[in-house]
1. Once you place label points 7 Å from the Cα toward the Cβ at Leu258 and Val236, how far apart are they in nm?
2. Relative contact order for the stretch 226-298: what is it in percent, counting Cα pairs under 8 Å that are at least 6 residues apart?
3. What is the antiparallel percent of DSSP beta bridges lying wholly in the chain, to the nearest 5?
4. Using Cα pairs closer than 8 Å and at least 6 residues apart in sequence, work out the relative contact order for the chain, in percent.
5. Pull out the extension gain between Thr53 and Glu327, defined as 0.36 nm times the separation in residues minus the alpha carbon to alpha carbon distance; nm, one decimal.
6. Restricting to Cα pairs below 8 Å that are 6+ residues apart, what does the relative contact order work out to for the stretch 66-149? Please round to a whole percent.
7. Would you mind getting me the FRET efficiency between Arg60 and Ser127? Use the beta-carbon distance for r and R0 = 41 Å, nearest 0.05.
8. Calculate, in nm to one decimal, what His243 and Ser85 gain on full extension: separation in residues at 0.36 nm each, minus their alpha carbon distance.
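Rule-based calculations on the coordinates, nothing more; no lab input. Predicted, not measured: the structure shown is a model, and the values here were computed from it. Using ideal geometry, Cβ is built from the backbone for each residue, glycine included, and neighbour counts are taken over all protein chains shown.
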Amino acid sequence: MRSKRSVPTIRPKPHGRELAGAGSASRQPSVTSKIPQDIPADEAASAAPDWLTPFAPRRRLRNGHLQTIVGNYLPRPEFALECASDAVEVDPADGSRVLCHCHWQPEPVRAERLTVVLVHGLEGSSSSRYVLGLAARAWAAGCNVIRMNMRNCGGSDELTPTLYHSGLSGDVGAVVTHYAGQFGLERVALVGYSMGGNLVLKLAGEWGARSPLCAVAAVCPAIDLAAGSDALHEPVNRMYEWHFLRGLMRRFRRKAALFPAIYSVASVGRIRSVRQFDDRIVARYCGFRNADDYYYRAASARVIDGIAVPTLILRALDDPFIRLTRETRAALLANSNISFIETRHGGHCAYLSNDEGDETHWAEATVVRFALAKAGPPANRD
């Protein structure tokens, strides 16, 4: 029997009085929505959109760290969809390509079906558990699915002489443009987790209402990069930081072995934080002055006001290391195209619910419902 769950409160947009990223577990879940200012609080739940269901964390997983860790390692059903793999050029200047795994609906309906492009997080890949979970759901709903690897990810280090970083939203755009041109895709929705969430939001802000983009969803997106980097260095989050650093440094050593004329491991010294990695490696080799310049220029926070298609942002208040500044939160709330949903629990990109059925991975189910609800019908082919 399912336990009784409370529907997230839907409230009018505040007027800049709330601190961003406070992270207090005592705050009530909230959903920003365009609803009349005079709806009584006890009637607000009736205004919840059809695609949004309540979220209640799994028993014994009401702690953000537990949600994050268990969500990362929890086994899933075997992923068995057939796919076509392509190396898509994203930068003609240096020939950089990214590896994409595609699941296409039958050719007669392919162009008119919604195409969902999935973008993983830092040190993830197209085979990350949440990517595979989303792919299976979107495919079952009748969508085309593109599982995109960022540069170097998914075993694709040899496809580019460059490193990957949070500012390469153009790579996502290049993938959309490539497949839209190849198959005449009419509607494309972007979905990103964490770092991938920043990439898809950044592209949405840069593209505005550009076709065929029709919807965007981001789960626990790293919108404010500087704040998130500093949060990773807090003592309680050091285990996450070391996890990311080990992967980043392994990847950098592989790049140096493949492209010794470009990269030097010896010259960077010992790296003790993600900020140091971004300062000594990302900034140095990717054209930024320093880490602060990189965080500013690569953050989707700068262009959030340019988003012009229906966009969903999910954020858990107990996420260990995702932070929002006051200014960014105000910008999110001010954009009527953005549905900004905060839940009291959920951890970082986990959202394991107490539902033992289809809603176990609540964020994935919510994202797919949102994309289908907002994509609109196929174009008129008369």
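1. 3.8
2. Over the stretch 226-298, the number comes to 27 percent.
3. 35
4. With pairs under 8 Å counted, the relative contact order is 24 percent.
5. Details: separation 274, 0.36 × 274 = 98.64 nm, distance 2.84 nm.
Computed gain between Thr53 and Glu327 is 95.8 nm.
6. Taking the mean separation of contacting Cα pairs over the length of the stretch 66-149, I get 31 percent.
7. Efficiency at R0 = 41 Å is approximately 0.90.
8. The His243-Ser85 span can extend by a further 54.0 nm.
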